[in-house]
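The values are calculated or read from the model by the stated rules, or taken from the named source; none is laboratory data. Because the structure is predicted, anything quoted here is derived from the model rather than measured. Note that we place each Cβ from the backbone using ideal geometry, even for glycine, and neighbour counts take in every protein chain shown.
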Amino acid sequence: MGTILLLIIYLAFISLGLPDSLLGASWPVMRPDLEAPIGMAGLLSMTVTVGTIVSSLVSGAVVSRFGTGSVTLASCIMTAGALLGFSYAPSIVWLIVCAIPLGLGGGAVDAGLNHYVAARYKAHHMSWLHCFWGIGATAGPNDYGRVLVWEFFMERRVSRRSRNSVCVSYFAFHNAPVMGASSRETRRRTSGGGAVA
């Protein structure tokens, strides 16, 4: 079960990296429709970053109170909702509003899963975790380009990155009890040590 859960966490980090590099690729396409100035991309980016920092700072207390599984589930739902909101946003104000839960959800998932892997697995898994984030960040603009081509030819509005986030929320929902149980187990044996291979 530990290996399957680790693979799901790796997939979560791919999904976590997908939206991180999309603003630069999507802004030239979004900006004319929103009639927004070029500089608004910086405000959006700062809003997401501030949300990520705030949720990372409070994630320790939140994870210890609710457990990694519950926090991951709630954060994935926030992130998926924010990305869906980005897909349908009619104005720059809606984008800024959606950037808040995107940053808060992304920061909580990042900090919570980092802590979970660091406490239960060997150190090299942390490197792999961030490698998978890099795969997501690299694939994000390419994925978005495919969505643009698809929308151009099929005239659809739902983006693939939103569907990816919904899939991660689904996996987190089904694995929240497993992560919560593992979190309680780790708290019981904090002084015992021993990492999973």
Which is closer than 30 Å to Ala119 by Cα and in contact with a Ser or Thr (Cβ under 9 Å, 6 or more places away or on another chain), of Ser75, Ser56? Ser75
What tally of residues in segment 31-53 results from selecting those that are within 23 Å of the chain's Cα centre (by Cα) and free of Cβ contacts under 8 Å to residues at least 40 places away in the same chain? 4
Among the hydrophobic types (A, V, I, L, M, F, W, C), under 24 Å from Gly145 (Cα atoms) and either touching a residue at least 40 places away in the same chain (Cβ under 8 Å) or buried (at least 17 other Cβ atoms within 10 Å of the Cβ) (or both), is that true of Ala25? yes
Between a first residue in segment 115-142 that is free of Cβ contacts under 8 Å to residues at least 60 places away in the same chain and under 23 Å from Ser21 (Cβ atoms) and a second residue that is outside any loop (DSSP other than H, G, I, E, B) and among the β-branched types (Val, Ile, Thr), which pairs have beta carbons less than 9 Å apart while being 6 or more apart in sequence or on different chains? Met126/Val117
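I need the full set of residues from segment 21-59 which are within 15 Å of Pro101 (Cβ to Cβ) and out of contact with any Leu (no Cβ under 8 Å at 6 or more places or on another chain), in order please.
Within segment 21-59, Thr47, Thr49, Val50, Ile53, Ser56, Val58, Ser59 meet the criteria.
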Single residue of Ile92, Ile77 found to be among the hydrophobic types (A, V, I, L, M, F, W, C), within 17 Å of the chain's Cα centre (by Cα) and at negative phi: Ile77
I want to confirm something. Restricting to segment 28-51 and keeping residues that are farther than 16 Å from Val93 by Cβ, modelled with pLDDT under 90 and not hydrophobic (A, V, I, L, M, F, W, C), which single residue is surrounded by the fewest Cβ atoms within 10 Å (Cβ to Cβ)? Pro32
Please note which helices (runs of 4 or more DSSP H) are completely contained in segment 1-103 and include at least 1 residues that are touching a His at 6+ places or on another chain (Cβ under 9 Å). 2-17, 40-66, 68-88
